Amino acid sequence: MRSPLERVVRDVHASLTERHTEFCACEQCADDVVALVMNQTKPRYTTTGLGWAVEAADLDTDQVRAQLSVLVFEAMHRVAEQPRHAPSETVTSKPREPGR
Ligand SMILES: [Zn+2]
């Protein structure tokens, strides 16, 4: 199940890849970026008491988005350095699962 945080992270990632088209925006890289950000935000948010079990609405503030943008951007750089596919092989149109 997706947390509200993950939803916002994916949203932030989507808008960042729109602005920074040099980064691969395929699902695989998106998943990697989200995973990296989630790993970082989880301890951070719990230790600061901000709590990421906060209401989804609280995550949609500009402040939280700005904070997450920094983390997402860092993660995008890390994923871009070590993509799980060949650099030329940008999986923009992932083949659909058969029988979807
Ligand atoms: Zn990719």
Task: Members of segment 1-35 that are aliphatic (A, V, I, L, M) and within 15 Å of the ligand (Cβ to nearest atom) - done: Ala14, Leu16, Ala25, Ala30, Val33, Val34, Ala35
Open item on the list: Among (1) modelled with pLDDT under 95; (2) of a type in the set (Gly, Ala, Ser); (3) in contact with a helix residue (DSSP H, G or I) (Cβ under 6 Å, 6 or more places away or on another chain), there is one condition Ala75 misses while meeting the rest; what is its number?
Closed with: (1)
Task: Test set (1) at pLDDT below 90; (2) outside any loop (DSSP other than H, G, I, E, B) - Arg96 fails condition number - done: (2)
TODO: Provide a single number: the residues in segment 34-72 that are among the acidic types (Asp, Glu) and at pLDDT below 75.
DONE: 2
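The values are calculated or read from the model by the stated rules, or taken from the named source; none is laboratory data. Worth saying up front: this structure is predicted, and the values here are computed from it rather than measured. When we count neighbours, we look across all protein chains shown, and the Cβ atoms used for this are built from the backbone with ideal geometry, even at glycine.
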